[in-house]
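First the structure, in the form of structure tokens, and then the observations on it.
Only the coordinates and a few stated rules stand behind these numbers; no lab work does. Computed from a predicted structure; not experimentally measured. Positions of Cβ are generated from backbone atoms using ideal geometry, with glycine treated the same way; all protein chains shown enter the neighbour counts.
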Amino acid sequence: MPRLLFCPRGHRWHDTAEDTPMPSDDSLSCPICGMSGSSAEDPPTSGTDAAPTVVQSTPAIAGTHSVFNQAPPVLPEFDILEEIGRGGMGIVYRARRLEDGQIVAVKVIRKDRLQHEEAVRRFRREAQAASRLSHPNIVSVLDSDHSGDTHFLVMEFVPGVTLEKLVDTNGPLSIPEACEFMRQAALGLQHAHEQALVHRDIKPSNFMVTTGPTGERVIKLLDMGVARMLTLGGATPGESLSTLTQGGSVIGTADYIAPEQLENPHGADIRADLYSLGCTFYFVLTGRVPFPGGSLISKLDKQRWQNPTAIESLRGDVPPAVIRVVAKLMEKKPANRFDTPGRLVEVLTALVKHEYDDPPIPRLEIREIRRCTGHADAVWCVRFSPDGTRIASAGKDGLVLLWDAQTGQQVHKLPKHPGEVRAVAFANTGDLFATASGFTIRLFDLRTGTETRKLSGHTGSIKCLVFSPDGKRLASGADDKSIRLWDTQTGREVQRFTRHAAGLTALAYIGQTNHVVSASRDQTVRLWDLRSGLEAEAFDAQAGNVLDVAVSPDGMRIASAHFDTILRIWDVASAREIGRCVGHKQMVSALAVTPDGGRLVSAGQDQTVRLWDLGDFSELTSSPRHAAGLHALAVAPDGRSAAVAAGDKHVLVWALP
């Protein structure tokens, strides 16, 4: 007769191969979740992480790991009422706080997780970090304490069932409810992300489904900030943040782990949580994990290299737009996923608004609205004044011209330079202006239009200039491979950086900090600490000359333009590439981030200006092709227009959508 089999999560099925002897380990893989199953005649005696780590109103699962075979703790400030859950971290009890009678959840941490003093200290730090979170989609950590050697967390009590239990019991969710639950989950994760916390163990059993104040269904994320503590102890040094173990085997989490967590669990960021949320999305839509069955090694290998069975082959009513969201969340490379949970919230909100279809793409247009004519040869550089009322341009003809940004009329001409002018810069104070021609920098007082000082010292042609935020320093980069920092009051060189192996092409300050970013023909972008005089970081794409750099207003991202036509986006804190903008047909000459930090503008030798979304790095629109290559650009302080230096003697002003 067929044998009745079941897995630790409660799935049951029949083995129809009547004559096939039971394997030596008396286990088979569950066809739904892939976990090891057992025959009804020989039920398992070891524990699992099937029960939620935080509150559900069901009794504890029988047959648990021996480490849990213990009486409820005696805690002076709590009346322990009942056990309500258990998992890899410990046991959860429903309890009454004696001082005010409030019903709370008390999680008693397994002693083997806190075997050392350093582990205890980290436990307290993580609990304190988790207690800072306050969001309707996150189960709150109210307190942490210990009684003797028993350490515990006090958490908000949430009646309900886990998302995993809900799907196992009732089957896949409806499209509206699945999207709404994932939107709520992303809201909670965005709040955690803004507090610099990463969960690292997102899965359906770590979400509680409960009832909101007006009767709506709400999900809450469990163990936010607590899952990190899985590294605090454990039986083996290699046990990672994302492993829940039973007899040395991974349980459950392998179904949801991001590929990068397998290689460097400590280096995973919020995008690892988004991958796991994608696996969770897949589960609630299909009722099965992305890679069911197979061994643990096989499952982890598939997470790294394979795509799951197409959702549409498992369920025919899932809209293509929803399937694409799941696919983007489950991209193997972090840079190809949504960069933040907040971006996912925006996409899911738009899907609901448009009945789960892709929202119509608004017609965006970059329009030329003004053309400034006055140069006798190619224009190399262009900048807006801090107040946005003036545009400065300079070029091969040695002229430096100032234009009215609203009318495009020339309002001033500086004395002609002896050679071509490759860089200009406004100080934020609005009264100081700098030009670079040959080996010489000239400073001008814009109030009088007179030259006030010459700065000399470079032994190669100067290609880039940038003032410090307070205008007291001016940084310059040249073909002599050096960056020099000048005192604008005295004209003295006060600092020099010489680590680049080829000429400089661009410089930018990072916000109001003492850090400067440089780009060079040596294929690198470098970050310099002006206080210490040392190189702080190098970003090496090995993609040809780096032709320009731009920094986001918050100083957290750097965009770089490369000879290979690709724009690369870097995270400053981790020095990692987090995205690429691909679309230009020839090398990109110039770029700038809009003042709101949400978009990137680029110009290239393919004679186009392009606008990019820095949320998902997609191209939003591009301008009509100009008659000549574009060499430089600047975005107006209000973000509504961009000035572009062209090879056909013109300065073009484009309206940005």
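Between S574 and I80, the distance separating the two model label sites (each 7 Å from Cα on the Cα→Cβ line) works out to 4.0 nm. Quick one: check the C-alpha center-to-center distance for segment 516-586 versus segment 600-657, whole angstrom. For segment 516-586 versus segment 600-657, the Cα centre distance is 19 Å. Can you give me the Cα centroid spacing of segment 126-189 and segment 338-397 in angstrom? If we compute the Cα centre of each part, the gap is 40 Å. Note on E365 and A627: their simple-model spin labels are 2.2 nm apart, each label 7 Å out from Cα toward Cβ. Between T210 and K332, the FRET efficiency from the beta-carbon distance, with R0 = 56 Å, is close to 0.95. Here's the list of aspartates and glutamates a cross-link from K413 could span, going by alpha-carbon distance under 15 Å and ignoring same-chain residues fewer than 8 apart: D397, D404, D445, E451.
Straight-distance candidates among the lysines for linking to K332, with alpha-carbon spacing under 20 Å and chain neighbours fewer than 8 residues away dropped: K203, K299, K302.
Give me the net charge for the shell around V218: Cβ to Cβ below 13 angstrom, other residues only, Lys and Arg +1, Asp and Glu -1. Numbers along the way, then the final one.
Numbers: positive: R183, R217, K220; negative: E156, E177, E180, E216.
Counting the neighbours of V218, the net charge comes to -1.
Scanning residues 5 or more positions from H650 or on other chains, those with amide H under 5 Å from its amide H are V379, with H placed 1.01 Å from N in the peptide plane.
Which of rounded, prolate or oblate describes segment 509-657 when judged by the alpha-carbon gyration tensor and an a/c cut-off of 1.5?
Numbers: a/c = 1.72, a/b = 1.51, b/c = 1.14.
Prolate shape, in that a/c is at least 1.5 and a/b is the bigger ratio.
Shape analysis of segment 456-578 places it in the oblate category; the axes a ≥ b ≥ c from the Cα gyration tensor give an a/c of at least 1.5, with a/b not above b/c.
Between D149 and H266, what is the FRET efficiency for a Förster distance of 35 Å, r being their Cβ-Cβ separation, to the nearest 0.05?
Working: r = 27 Å, r/R0 = 0.78.
Working from the Cβ atoms, E equals 0.80.
FRET efficiency for the pair K353 and Q195, taken as 1/(1 + (r/R0)^6) with r the Cβ-Cβ distance and R0 = 45 Å, rounds to 0.95. In the neighborhood of I175, defined by Cβ-to-Cβ distances under 12 Å, what is the net charge if each Lys or Arg adds +1 and each Asp or Glu adds -1? For residues surrounding I175, the net value is -4.
Give the relative contact order (percent, whole number) for segment 499-650; include only Cα pairs under 8 Å separated by 6+ residues. Don't jump to the answer; show the numbers that get you there.
Numbers: 413 pairs, mean separation 20.0, N = 152.
Computed value for segment 499-650: 13 percent relative contact order.
If you sort the three axes of the alpha carbon gyration tensor as a ≥ b ≥ c, you get a/c of 1.5 or more for segment 373-467 and a/b no higher than b/c, which makes it oblate.
Placing a label point 7 Å from the Cα of S134 along the Cα-to-Cβ direction, the residues of segment 167-210 whose backbone N falls under 17 Å of that point are 188, 191-196.
Would you tally the net charge around S482, using a Cβ to Cβ cut-off of less than 15 Å, leaving S482 out, and scoring K and R as +1, D and E as -1?
In short, +2.
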